[in-house]
Each structure stands twice: as structure tokens, then as C-alpha cells.
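Down below is the structure, laid out as C-alpha cells.
The values are calculated or read from the model by the stated rules, or taken from the named source; none is laboratory data. Every value quoted in this text rests on a predicted model; they were computed, and no experiment measured them. Positions of Cβ are backbone-derived with ideal geometry, glycine not excepted, and every protein chain shown enters the neighbour counts.
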Amino acid sequence: MPKPSGGLGITTIESLYYAFGCSLIWRYYNIKSYLYTWWKENYVSFWNTGCKRSTVYWKFLCEVARKLPETFKFNINDSSSLSFFWEPWCSSSSVAERLKSKNLDHLITPQNLAVSSLISTGNWNLPPSIPPNLAAIIKAIPITSSLANCGWHNKEKPNFKSFIKSYFSDCPFVPWFKHVWHKHFALHFSTCCWMAFKHKLKTVDILLTWGILVNPICSFCHLYEENHNHLFFECNYTFQILKKVFPCMTSMLFRPNLGQVFCHIDDRETDISRKNYCFLLLCATVYYIWRAWNDRIFGNSVDCHSTILANIKRAIACYLLLTKNVHLLEGLLWQPGPAFLKDDDDSNNYMIPLDGHFGNQGSFSSFWMSFAAAESPTSTLILHF
Ligand SMILES: [Zn+2]
């Protein structure tokens with residue numbers, strides 16, 4: 001499933017088969033080969049339903065041909081070798097199909113009649129046996145000067161990726177994919193965030209549906225039943241963490257859910273680098289909240305807000321350094337405090353300006369040296385990258 005449709009971008013075996021079949025069909029119409037000539041002599045067309053005996057391989061290609069994307073267009077020209085009756089060049093349908101719908105099957109002869117044999121000096125020269133209304137439809141098909149038998153929408157040659165993409169063209173898009181898979185995303189954080197959007201994290205409500213007896217009350221606030229929406233970010237505990245990471249969230253009238261937080265950042269931030277940095281930060285927040293939840297349930301370890309925030313800050317700093325995106329660190333708060341980002345609406349003394357100077361809060365190198373030298377339980381988090 002592609003990422004824009006809510007998947008992980010890992011293609012399926014079926015789509016690979018389909019793309020392979022499409023590639024072969026494309027070559028069949030655009031490349032001369034003894035094999036393709038033999039296929040044409042033997043089977044006439046992929047849409048020929050009159051073939052009584054055919055190989056499994058040919059049947060597979062016929063199935064793919066019936067599902068060819070709309071972007072796959074047939075061209076009609078003076079020398080076209082397309083089958084007049086079987087190839088669907090006549091307004092996405094074949095002449096044989098139209099004749100069959102009117103019980104005129106006996107007119108489909110000879111089976112291997114080529115389109116070029118009915119074109120003379122750029123004009124249609126149809127036999128009188130073709131019904132007038134069908135003849136009018138055929139004559140409306142333009143005769144092009146293109147020498148190729150088929151073309152691809154806006155492109156001369158499709159590639160394997162184009163066919164894979166067309167296989168999933170019917171899948172609906174999810175609006176949050178660009179937030180989760182933002183530029184410079186961290187796989188660890190984005191995968192966790194993706195699972196949160198898909199409601200695939202094993203929260204208490206899901207464990208209960210599986211018949212696993214667990215306490216249904218949120219292990220953070222101990223007040224409400226736990227589920228994805230509560231965890232991100234209806235819960236007072238997780239919302240307090242969110243507000244410390246993104247102070248602008250204090251302006252929200254109601255507790256936002258995960259999608260609303262992403263949309264709010266998307267609308268608010270205009271600088272693309274800063275926006276990507278915010279998305280990265282939010283994905284890391286989701287990851288470390290979920291990690292803290294696991295530590296409480298399975299590790300018998302209860303982390304406070306400060307520890308979770310320190311984990312997020314340390315991980316983000318390490319990630320940006322390792323991926324050589326140090327310039328984004330200008331938005332990071334060095335001094336321990338309640339916010340990571342400069343927020344124009346909040347007069348927060350803990351934030352550093354984004355004009356490139358660190359002021360009296362120390363240089364970047366001194367910050368990093370202190371970071372690297374610090375010994376804390378969270379230093380092992382670096383290993384995750
Ligand atoms: Zn809660």
C-alpha cells in the first residue's frame with residue numbers, strides 16, 4: 001500500500017504481478033519480436049474471447065489487459081497493426097464487444113482483421129456490413145500521425161513504477177500521510193505515529209477486545225478509559241507534555257486529537273524547514289509517550305513529565321546531528337524549560353531567538369559537548385538511531 005493511501009509504501013505481490021503484466025503488454029504493442037508476432041498469430045488479441053486453448057501465462061496477461069489503467073491509450077494510424085475487432089481502441093471498448101451487445105456476432109470475421117486494412121489515405125474505409133451507428137462512432141475516432149500503437153497519458157513511456165502507481169490509483173488518500181512521512185522523517189518516530197493514526201498501538205481498549213483482562217482506566221491520569229484518542233491527546237497528562245513541547249497548543253479551546261495537532265502546526269508554520277522540524281518533534285512526542293506507557297505497564301517504571309521531555313529533546317538533538325540537519329537545532333531550546341520552540345505568541349523567556357544566535361544561553365558546540373558528556377539513563381536512547 002502506498003504511503004499517501006495510509007500504507008507503509010511496501011508494495012504487494014499482486015501489484016508486482018500486475019505491473020509486470022502491464023510492462024509486457026506495453027512491450028507487446030511497441031516492440032517487434034518473434035514471440036509477440038507468434039502470440040498475435042495464435043491468439044489475435046488479449047481481449048479475444050474466442051480463444052479456446054491458451055496457456056496459463058497468456059490467460060494471466062489477458063486478465064491484466066482487462067484491468068489496464070485508463071492512462072493506457074491506443075493510437076489509430078495508417079499502419080496500425082491493432083486488431084479491428086478485439087482491441088479496445090473504440091472509446092475504451094472493442095468493436096467486437098459492441099457487436100456482441102447487439103447480437104451481431106456473425107459480423108466478427110475475419111478475427112485477425114487489422115485496423116490499417118480499413119484506413120485508406122487517412123480516412124476510414126469501413127465495410128457496409130458495419131451498422132451505421134457503430135460506423136459513426138468509429139469514424140469519430142481520430143487517425144493520428146503517431147507511429148506507436150499505444151501511448152501513456154502525458155508521457156511517452158511509462159515505467160514499472162507508473163504501473164505500480166496505477167494499481168493503487170483507486171485507493172483513497174489519507175490527509176495525514178504528509179505529516180507522518182515528512183521530509184527528514186525518523187523511521188522510529190514516524191512508524192509509531194503511523195500506528196497511532198491507524199489505531200494499531202496496543203492500547204487497553206484493543207487488548208480488551210482481544211480478551212486480555214487489563215485495567216481499562218488510563219495508566220497516565222487514572223481517570224478515564226484508555227484508547228487512542230484519549231492517549232493522543234485528550235488525556236490531561238499527555239496534553240501537558242504536548243503543551244510543553246508546543247506552547248501554541250495552549251490556545252486550543254478543546255483538547256485536540258493527533259490529526260488536529262498536525263493540522264494546527266501545518267497551518268501555523270510557514271517556513272518549510274521549521275514545519276518539518278515540528279512534525280519530527282511531534283512524531284517523537286508520540287513515540288516517547290507510547291514508550292512511557294509501555295514502561296508503566298510492562299517495565300514497572302514511572303517517568304515524570306521532565307524525564308519524557310528530556311528524552312524527546314535528547315533524541316531529537318541526536319537525530320538532527322546524525323542526519324546533518326544541525327541548522328534545525330536553532331529552534332531547539334537548550335536551557336531546561338517548558339518549551340522547545342520559539343513561539344511568537346508566547347513571551348517565554350526560555351526560548352532562544354531563531355535569528356541564528358544563541359545569546360547568553362551558550363554556543364551550539366558547548367551545548368552539544370554538555371549533551372554528549374551528560375550521563376543519564378536516557379543516553380542509551382542514542383543507540384536507537
Ligand atoms: Zn489519561
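Inside the stretch 202-261, can you point out the residues that are closer than 17 Å to Y288 by Cβ and of a type in the set (S, T, Y)?
T203, S219, Y237, T238
Which residues, taken from the stretch 25-51, are under 19 Å from E97 (Cβ atoms) and without any contact (Cβ under 8 Å) to a residue 60 or more places away in the chain?
I25, Y43, S45, F46, W47, T49, C51
Yes or no: F239 within 16 Å of the ligand (Cβ to nearest atom) and at pLDDT 90 or above?
Working: within 16 Å of the ligand (Cβ to nearest atom): yes; at pLDDT 90 or above: yes.
Here the answer is yes, as F239 does meet what is asked.
Name every residue in the stretch 41-91 that is surrounded by fewer than 17 Cβ atoms within 10 Å (Cβ to Cβ) and either outside the structural domain of N125 (by TED's automatic domain parsing) or of a type in the set (D, E, K, R) (or both), in order of residue number.
Answer for the stretch 41-91, where residues must be surrounded by fewer than 17 Cβ atoms within 10 Å (Cβ to Cβ) and either outside the structural domain of N125 (by TED's automatic domain parsing) or of a type in the set (D, E, K, R) (or both): E41, K52, R53, K59, E63, R66, K67, E70, K73, D78.
What is the residue count in the stretch 203-226 for residues that are in a loop (DSSP other than H, G, I, E, B) and more than 16 Å from the ligand (Cβ to nearest atom)? So that I can check it myself, show each step before the final result.
Restricting attention to the stretch 203-226, the residues satisfying the condition of being in a loop (DSSP other than H, G, I, E, B) are 203, 210-216, 218-224, 226.
Checking which are more than 16 Å from the ligand (Cβ to nearest atom) leaves us with 210-213.
Residues flagged as in a loop (DSSP other than H, G, I, E, B) and more than 16 Å from the ligand (Cβ to nearest atom) within the stretch 203-226 amount to 4.
Among the residues of the stretch 45-95, which ones are in contact with a Ser or Thr (Cβ under 8 Å, 6 or more places away or on another chain) and among the acidic types (D, E)?
Of everything in the stretch 45-95, those that are in contact with a Ser or Thr (Cβ under 8 Å, 6 or more places away or on another chain) and among the acidic types (D, E) turn out to be E70, D78, E87.
Let's see how each residue does on (1) more than 15 Å from the ligand (Cβ to nearest atom); (2) modelled with pLDDT under 90; (3) in the same structural domain as K313 (by TED's automatic domain parsing):
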residue	(1), (2), (3)
K244	yes, yes, yes
M249	yes, yes, yes
F254	yes, yes, yes
D267	yes, yes, yes
D271	yes, yes, yes
N276	yes, yes, yes
T285	yes, no, yes
W290	no, no, yes
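Could you list, in sequence order, the residues of the stretch 64-80 that are more than 18 Å from A140 (Cβ to Cβ) and part of a loop (DSSP other than H, G, I, E, B)?
The answer is K67, L68, P69, E70, T71, S79.
Of the conditions (1) surrounded by fewer than 18 Cβ atoms within 10 Å (Cβ to Cβ); (2) in a helix (DSSP H, G or I), H179 clears all except one; give me its number.
In the conditions (1) surrounded by fewer than 18 Cβ atoms within 10 Å (Cβ to Cβ); (2) in a helix (DSSP H, G or I), H179 misses (1) alone.
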